[in-house]
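In what follows, a structure is listed as C-alpha cells, so that the remarks can point back to it.
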Amino acid sequence: MRKITIMLPLINVIGATFTYVYFSSILELRYVKSTIPSYYSPLYFIIGTALLILTFKVGSSKSVKELFAIANGDVSIDTIEETEKYHLQREALQFPMVVTVITFAVWILAGFIFGLLEPLITGKIFNVETPGLLYGLRRFLGIAFFGGGITTLIVYFVLENEWRKYIPRFFPEGHLSRVKHAFRLTVRKRFLIVFLGVILIPLPVLGLTIYTRIQALHAADAVTRAQLMTSLAGELAFIMLDELIICLVLAYFLAKSISEPLLQIKSAIKEVENNNLDTRVEIVSNDELGEVAEGLNQMITSMRENQSLKESFGKFVSQEIRDEIIAGKTSLDGEMKRATLLFSDLRNFTTLVEQNHPKHVVTIMNQYFNEMTRAIKANRGLILQYVGDEIEAVFGAPIGFDDHPEMAVKAALEMRRRLDALNMRLEQQGFEPLSHGIGIHSGAVLAGNIGSEERMSYALVGDTVNSASRIEGLTKQYQCDIIISQTTYNLLTESYPTEQLAPVKVKGKGDELIIYRLK
C-alpha cells in the first residue's frame, strides 16, 4: 500500500510538471511584471494547490481506511459481517476507477483555477490587461484535458496494476463475478480507451494552438510570422514528445494488465498437465481474463473432486474395475450376469464385543477388514457391502470375467493367509485370534443400481446371492473356513485341494446342495 500512496502523488506531480513547462515556457502568460509583486504567483500556486489537495482528500477519504486495512492484511475480510463484506468487495473492485474519477475532477478544477480564474483575479487585483477568452480556454483545455486527461489515464492503469496484488485479500475464494453492479472494464474497452485517449485528448489543444497561431499570423509582419512559426514548431514538438512518452507508458501498463493474468493461466495449465491439481490462479480482475481464471479454477476444483472420488472409489474395487466403470465401458443399469458371490462372516463376534473395550473392537475390526479387502481387490473383486462383521463381495460384476469362479477361490485362499498373519499380530497385541467362514457360489444374478431417488447402491439380486449366503452359514455346521458350491467347483480350471461334504438342504432350496470344503 505504501507504493500506491507514493505513486499517486508522484504521477500527478510529473503530469503537473509537464503542464507547467508547457504553459510557462511555451505558452507563457505575459503580464506587466512591474505591477505584480514577486510573491503573488507562488502564493496563488500554494493556495490553489492546497485547495486541490483538500478536494482530493475529501473525495477519496470514504472507506479508504477499511480498504487499506484489508489490503495490508491487518483485517481479514472473513471476519466482517456479510453485508459489509459485500460492500467492501464492491468498493475494492471500483477503487482504481473511483480514484481516477476523483483525480480527473481535481485536474478539471485545476484547469479552472489556473487556466480561467487566475488571469481574471490577477487582472482585477493589479489592474492589468487580461488575455482574451480564447487564450483562457486554451489554458483550461491544456491543463484539464491534455495534462489532466493523460495523467488520469496513466493513474488508472498504474493504480489498477498495483491494486491487483491486493484483490485476492478481498476475495480469498475468488468469485469476483458474484459482486453485482461493480465497475467492469473489459479488455476491448481497455484498448479502446487507451487508443481514443491518446488520439482524442490532444486534439482540442492542438486545434486551438493552430487556430490561435493562424489568427496571429494574419495580423503579423514578416519577422513576427517567422517567430510565430518557430514558436508553433516548438509547441508541436513538445506535444509530440509528450505524446510519445505517454504512449510508451500506457502501452507498457496495458500490455502488463493483459499479459500477467495470461501467464498465470498458462502456468496453472502447465501444473495441471503435470497432475498438480492443488494449483490455483489468483483472480485479480472482473474482466474476461478474470472470468477465464475463475473458470479454470472451477475446472481444477472439479478435476480434484473427480480425482478424490476416483481414489475413494478405488478403495472399494480394484484399479482395473474402477477405470472400466469411470470410463463408461460397463453399465450399472439392471442386467442379468453370470457371477460368483463370496460371503465372509466372523465367528464369535458377539463374544469379541463383550470381552473387549469398544475402541479395541473397532481397532480389531478395522485391521480385519483392511486385510480382507486387500485380498478381494487383489483378485479383481468388488465389495458390495459390509454388514456388521460380514463382507459381501462379487467377482464378474459389473465387469464380466470368464474366470470369476477362479478369482473368488483365490481371494478366499488369500483371505485365509492374511487372517493367519493378522492373528499373529493380534496375539502380540494381547487379543484373541479371529476365525471366519467363507461361502462361495456361482450363478446368474440381476445386477444394477438399486435404491431410492435419494440414495442408490450397486447391488445383486437373485437366488445365487441367497445360496452363497446360506453356504457361508454352513461353515459353522461343518467346522471349516471355506466352502464352495458344486457350480463353482465345476467351473474351476485349476486344481485345488478340496473335500466333498455331505449334500445338505438349505432354507429356500428344494434340492440338496452339493458342497466342497476348500482345504
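If the requirement is being exposed (fewer than 12 other Cβ atoms within 10 Å of the Cβ) and either assigned by TED's automatic domain parsing to the domain that holds Leu384 or of a type in the set (Asp, Glu) (or both), which of these qualifies: Arg418, Arg455? Working first, answer last.
On the way: Arg418 fails: exposed (fewer than 12 other Cβ atoms within 10 Å of the Cβ).
Answer to the check: Arg455.
Mind checking which residues of the stretch 345-377 are in a helix (DSSP H, G or I), charged (D, E, K, R) and touching a residue at least 12 places away in the same chain (Cβ under 8 Å)? Before you say what the answer is, go through the steps one by one.
We begin by selecting, within the stretch 345-377, every residue in a helix (DSSP H, G or I); these are 349-355, 358-377.
Next, from what is left, pick out any that are charged (D, E, K, R): 354, 359, 371, 374, 377.
Listed by number, the residues that qualify are Glu371, Arg374, Lys377.
I'd like to check something: does the stretch 127-149 contain any residue that is at pLDDT below 85, of a type in the set (Lys, Arg) and surrounded by 20 or more Cβ atoms within 10 Å (Cβ to Cβ)?
Yes: one or more hits.
Return a yes/no flag: does the stretch 122-142 have any residue that is within 24 Å of Ile4 (Cα to Cα) and assigned by TED's automatic domain parsing to the domain that holds Pro204. If you could, list the steps in order and put the result at the bottom.
Taking the stretch 122-142 and keeping what is within 24 Å of Ile4 (Cα to Cα), we get none.
The answer is no, given that none of the residues of the stretch 122-142 is within 24 Å of Ile4 (Cα to Cα) and assigned by TED's automatic domain parsing to the domain that holds Pro204.
Just need a number here: residues in the stretch 389-408 that are touching a helix residue (DSSP H, G or I) at 6+ places or on another chain (Cβ under 7 Å) and surrounded by fewer than 22 Cβ atoms within 10 Å (Cβ to Cβ).
The number of residues fulfilling the criteria is 3.
Just wondering, is there one or more residues in the stretch 64-80 that are of a type in the set (Ser, Thr, Tyr), part of a helix (DSSP H, G or I) and at pLDDT 85 or above? Outline the logic, then answer.
Step one: of the stretch 64-80, the residues of a type in the set (Ser, Thr, Tyr) are 76, 79.
So of that shortlist, the ones also part of a helix (DSSP H, G or I) come out as 79.
Narrowing the set further to residues that are at pLDDT 85 or above leaves 79.
Yes, because at least one residue in the stretch 64-80 is of a type in the set (Ser, Thr, Tyr), part of a helix (DSSP H, G or I) and at pLDDT 85 or above.
From the set of residues in the stretch 443-486 that are touching a residue at least 60 places away in the same chain (Cβ under 8 Å) and touching a helix residue (DSSP H, G or I) at 6+ places or on another chain (Cβ under 8 Å), which is nearest to His404 (Cα to Cα)?
Gly443
Quick one: in the stretch 398-417, of everything that is assigned to a loop (DSSP other than H, G, I, E, B) and hydrophobic (A, V, I, L, M, F, W, C), which residue is nearest to Met336 (Cα to Cα)?
Looking at residues that are assigned to a loop (DSSP other than H, G, I, E, B) and hydrophobic (A, V, I, L, M, F, W, C), I get Ile399.
Taking Arg169, is it farther than 30 Å from Asp78 by Cβ and part of a helix (DSSP H, G or I)? Walk me through it before giving the result.
Values: farther than 30 Å from Asp78 by Cβ: no; part of a helix (DSSP H, G or I): yes.
In short, no.
Met240 fails exactly one of the following numbered conditions: (1) in a helix (DSSP H, G or I); (2) in the same structural domain as Val155 (by TED's automatic domain parsing); (3) in contact (Cβ under 8 Å) with a residue 12 or more places away in the chain. What is the number of that condition?
It is condition (3) that Met240 fails.
When the residues of the stretch 428-442 are narrowed to those that are surrounded by 14 or more Cβ atoms within 10 Å (Cβ to Cβ), touching a helix residue (DSSP H, G or I) at 6+ places or on another chain (Cβ under 7 Å) and not polar (S, T, N, Q), which ends up nearest to Leu346 (Cα to Cα)?
Here the residue is His436.
Can you spot a residue in the stretch 188-200 that is closer than 24 Å to Ala92 by Cα and of a type in the set (Val, Ile, Thr)?
Taking every residue of the stretch 188-200 in turn, at least one turns out to be closer than 24 Å to Ala92 by Cα and of a type in the set (Val, Ile, Thr).
Select from the stretch 348-370 the residues that are at pLDDT 90 or above and within 23 Å of Leu474 (Cα to Cα) and write down the one among them that is surrounded by the fewest Cβ atoms within 10 Å (Cβ to Cβ).
Among residues in the stretch 348-370 that are at pLDDT 90 or above and within 23 Å of Leu474 (Cα to Cα), the one surrounded by the fewest Cβ atoms within 10 Å (Cβ to Cβ) is Phe369.
With the requirement that a residue be in a strand (DSSP E or B), touching a residue at least 12 places away in the same chain (Cβ under 8 Å) and not charged (D, E, K, R), what does the stretch 378-395 give you?
If the condition is that a residue be in a strand (DSSP E or B), touching a residue at least 12 places away in the same chain (Cβ under 8 Å) and not charged (D, E, K, R), then Leu382, Ile383, Leu384, Gln385, Tyr386, Ile391, Ala393, Val394, Phe395 are the ones that fit.
Note down all Cβ pairs under 6 Å where the first residue falls in the stretch 94-105 and is in contact (Cβ under 8 Å) with a residue 40 or more places away in the chain and on the phi < 0 side of the Ramachandran plot, the second is buried (at least 19 other Cβ atoms within 10 Å of the Cβ) and charged (D, E, K, R), and they're at least six residues apart or on different chains.
Pairs that qualify, where the first residue is in contact (Cβ under 8 Å) with a residue 40 or more places away in the chain and on the phi < 0 side of the Ramachandran plot and the partner is buried (at least 19 other Cβ atoms within 10 Å of the Cβ) and charged (D, E, K, R), are Pro96/Glu160.
Conditions tested, residue by residue: (1) in a helix (DSSP H, G or I); (2) closer than 22 Å to Gly381 by Cβ; (3) touching a Lys or Arg at 6+ places or on another chain (Cβ under 6 Å).
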{"position": "Leu419", "(1), (2), (3)": "yes, yes, no"}
{"position": "Leu434", "(1), (2), (3)": "no, yes, no"}
{"position": "Gly443", "(1), (2), (3)": "no, yes, no"}
{"position": "Ser469", "(1), (2), (3)": "yes, yes, no"}
{"position": "Thr488", "(1), (2), (3)": "yes, yes, no"}
{"position": "Gly510", "(1), (2), (3)": "no, no, no"}
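The values are calculated or read from the model by the stated rules, or taken from the named source; none is laboratory data. Small disclaimer: the values here were computed from a predicted structure and weren't measured. Please note: Cβ atoms are built from the backbone with ideal geometry, for glycine as well, and neighbour counts cover all protein chains shown.
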